Amino acid sequence: FPRLCLPIVKMLAGNHCCVDCGDEDGERLEYASLGYGTLLCQDCAYRHQTNTFAESQVKSLEEDIWTYRSVLALLEGSNTQMLEFIKNKPRWRPSKSAKTNDTEDVAAFKQIYLSKAATAYRKLLAKKVDNTYISQLQSMKEDDEAKAKIVLTTSLPPPG
């Protein structure tokens, strides 16, 4: 992850701690969920990788390679934004009728992160990332076209 962007990400709402366990030790915030645009400690990152691998898309802030879109996912999301979105939806709470062999903690974790609300949030975040990405590409294209016009007009011999 780009070192200059990390302080910006950590200033976003709720990003001073792990989104799941609330651990505020900044040294332990070593991972991020691209699917949710959130920061995670190592223990919670492992739980995401084990139980919601495809949905969470966990990456190491130190070791993994980050694309522009991956960085945007963290800049467009935040721990508080994700938690508020999911908690404000009616179906985020664990179902009492669900039967599973998972421990109570894992079942509650899956109920939240595999819920319709979590799916809606992932789609919303992905759309925000795509819109920002497309906007940046368009801006870069316009800049390149403007530079090309300047080069073209300054390289032409004077008329006449």
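Observations, loosely collected:
- Some residue of the stretch 99-112 being within 25 Å of Asp130 (Cα to Cα) and either touching a residue at least 24 places away in the same chain (Cβ under 8 Å) or hydroxyl-bearing (Ser, Thr, Tyr) (or both): yes
- Matching residues in the stretch 21-43 - criterion: being in a helix (DSSP H, G or I) and closer than 24 Å to Val129 by Cα: none
- Qualifying position, being over 23 Å from Thr119 (Cα atoms) and buried (at least 22 other Cβ atoms within 10 Å of the Cβ), among Leu34, Leu29, Leu61: Leu29
- The criterion of at least 2 residues that are open to solvent by 50 Å² or more (accessible area, probe 1.4 Å), in contact with a strand residue (DSSP E or B) (Cβ under 7 Å, 6 or more places away or on another chain) and modelled with pLDDT of 90 or more is met by none of the helices (runs of 4 or more DSSP H) wholly inside the stretch 64-160.
- Single condition Glu55 does not satisfy, out of (1) open to solvent by 30 Å² or more (accessible area, probe 1.4 Å); (2) touching a residue at least 60 places away in the same chain (Cβ under 8 Å); (3) out of contact with any Lys or Arg (no Cβ under 8 Å at 6 or more places or on another chain): (3)
The values are calculated or read from the model by the stated rules, or taken from the named source; none is laboratory data. Since this is a predicted model, take the numbers as computed values, not measurements. As a convention, Cβ positions derive from the backbone with ideal geometry for all residues, glycine included, and neighbour counts pool all protein chains shown. All accessible areas refer to the heavy atoms of the entire protein, side chains included, with ligands and DNA or RNA removed. Shrake-Rupley method; radii C 1.70, N 1.55, O 1.52, S 1.80 Å.
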